[in-house]
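Before any comments, here is the structure.
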Amino acid sequence: MGFFWTIVVLIVLLGLTWRYLGAYMAAVFEGRVQFLAWAERPFYRLLRTGPAEEYEQPWKRYASSTVIFSALFLAFGYLLLRIQGSLPLNPQHFGAVAPALSLNTIVSFVTNTNWQNYGGETTLSYFSQIGVLTVQQFVSAAVGIAAAIALVRGFSRRSSPTIGNFWVDITRCMLYILLPVAFVAGIIVVGQGAVQTLAGPVVIHDALNGVTQTIPRGPAGFMASIMQFGTNGGGFFNADLAHPFENPTAITNLLYIWLTLSIPFALTYTFGKMVKSVRHGAALLAAMVIIFGAWVSFTAYAEHQNTPAVAAAGVHSSVGNTEGKEVRFGIPTSALFNVSMTQTSDGAVDSATDSYTPIGGFGALSGMMLGEVTPGGVGSGLYTILIYAIIAVFIGGLMIGRTPEYLGKKIQAKEVKLAGLGALVMPLVVLVLTAIAVSIHAGRAGPLNGGPHGFTEILYAFTSQGNNNGSAMAGLTGNTAFYNVLGAIDMLIGRFGILIPALALAGSLAAKHVVPASLGTFRTDNTMFIGLTIGVIIIIGGLTFFPAISLGPIVEQLSRGRFF
């Protein structure tokens, strides 16, 4: 399938998904879909809770439930990784995972980051891959979606002390949304040739040259379906979706892109349905699509240029930079795939970001620096872009000289402070940890390259982890105690430092009355507001990260010659 038809099919699929999956998710979280009520009830009885109004939670209880739930899975997962050698389903006979790597790995999957400082086929048993990591690919995705729905309720409710019930939201999310779609997608992926087996590795002896090769296998197909649908990105194999055992055909490649983008885009329609104004959801979608399309075009164009270092050596290509690309799909599709994965919290790239041109790598890196809101991860993309929208409303209110309002809710000092915290916590933690890494020997020992590219590898790692993305420039040796521990800190703050302010915003907004619109009300569903929201996203990202990114891919590109 050519790139043009890939784009056409993808747009059609995402358009249908936005309308129908978005409406379905609204029905699920409003309690209008109950065909699996019999499966919900045992969980509610166990937790002594339920969907009734009496069990609804104020934002502090909702947030504490989220943190406690995540902390329990973190502790349990860490323990299982540390005793991996004594657990079943271990045909490779792998031993315990080292403490620092166990910490980084379980924090990574609990925070929906899925950063991998290990090779899956050489480090983790089948039990660890299924019972620890795949479980988290459902659970952490559900946590993000639940937080987004709680914030949507903050806008839709009037004078309410509660924002829903965390346990009900994650139960319904997994039962009605994540499990059915991931199951069907898994069947398609395995049907296309992805490996799905509990048998051990295959040992092949080549009689012609006397070489013996061990080929790892495992339950990779179904893991790949949920890792993409939940924008997790943590693959079974070290090569991730560049591996034919996980991504065997052009159909699976397109399916993975659709799975990754489907929920983040569709949640804008869910938002519109739940607040009774689809136009507001469409405005957020437009902001996402404009930035996403611009970054895909920019990155694809950059990768059709010659690599500066190769060109300087007198070697010129007529097709562009093919180094590290997925040769089955070509340069533009590889660029589309990588931008899709870095502008969501997925990170499961199918080509080597470290081999991109400096400006092509800038496309992937800067997309994360915008806060991963175009469209962002499952749930996290929506609640983060709503934070930016609140800031845009505040700026718009200043322009017209009246109290800013969004969907009839007055945006006052408390909401602006929470939105500011949510928007700035990620840049602060990324820049501080990057500064620490480049200042001490343990950090500088990580990158395999010197100069601007080595700095970019460090900056990319902390940007990826701070945005709960998980993609990496492979030139960084991350499996050290230094990078494992700092990475875990980065991922925890990047997840909960934004999620908790978003829930606090939900509680504050839910308690407010709705102010009727008037002739002087600043509209938040038109082209002007879309442009203002895009401006806020780009300006915040630019002001915070431009000095750092200038020292990496920009100076690397300029040092090799012209910008393009």
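Quick notes
- Whenever a residue of region 432-456 is within 26 Å of T307 (Cα to Cα), its partners that are assigned to a loop (DSSP other than H, G, I, E, B), lying with C-beta atoms within less than 6 angstrom and at least six residues away or across chains, give the pairs G446/T477; P447/G475; L448/G475; N449/G475.
- For region 155-207, the set of residues classified as over 23 Å from the mean Cα position of the chain (by Cα), outside any loop (DSSP other than H, G, I, E, B) and not aliphatic (A, V, I, L, M) consists of F155, S156, G191, Q196, H205, D206, listed by residue number.
- Residue under evaluation A150, criteria (1) over 15 Å from E56 (Cβ atoms); (2) surrounded by 24 or more Cβ atoms within 10 Å (Cβ to Cβ), criterion not met: (1)
- For region 32-76, taking the residues that are surrounded by 17 or more Cβ atoms within 10 Å (Cβ to Cβ) and of a type in the set (D, E, K, R), the one that is farthest from P99 (Cα to Cα) is identified as E56.
- The set of residues in region 383-413 that are buried (at least 24 other Cβ atoms within 10 Å of the Cβ) and small (G, A, S) comprises A389, A392.
- Flag if F482 is assigned to a helix (DSSP H, G or I), in contact (Cβ under 8 Å) with a residue 24 or more places away in the chain and closer than 19 Å to N117 by Cβ: yes
- Filter result for the condition that a residue is more than 22 Å from the chain's Cα centre (by Cα) and of a type in the set (S, T, Y), over T524, T533, T544: T524
To keep it simple, each residue is scored yes or no on (1) more than 20 Å from P553 (Cα to Cα); (2) in contact with a Gly (Cβ under 6 Å, 6 or more places away or on another chain).
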site	(1), (2)
V416	yes, no
G422	yes, no
V432	no, no
H441	yes, no
G446	no, no
P452	no, yes
L459	no, yes
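- Figure legend. Inter-residue proximity from region 91-118: first residues over 13 Å from N468 (Cβ atoms), second residues of a type in the set (S, T, Y), beta-carbon distance below 6 Å, spacing 6+ or different chains. Indicated pairs: F94/S125; S102/Y78; I106/Y78.
- Filter pass, L179 being over 30 Å from K410 (Cα atoms) and surrounded by 22 or more Cβ atoms within 10 Å (Cβ to Cβ): no
- One residue alone among V315, V275, V310 is at pLDDT 95 or above, of a type in the set (A, V, I, L, M, F, W, C) and either surrounded by fewer than 18 Cβ atoms within 10 Å (Cβ to Cβ) or within 26 Å of M174 (Cβ to Cβ) (or both), and that residue is V275.
The values are calculated or read from the model by the stated rules, or taken from the named source; none is laboratory data. Remember, it's a predicted structure, so these values are computed and weren't measured experimentally. Quick reminder, even Gly has a Cβ in these numbers, built from the backbone with ideal geometry, and neighbours come from all protein chains shown.
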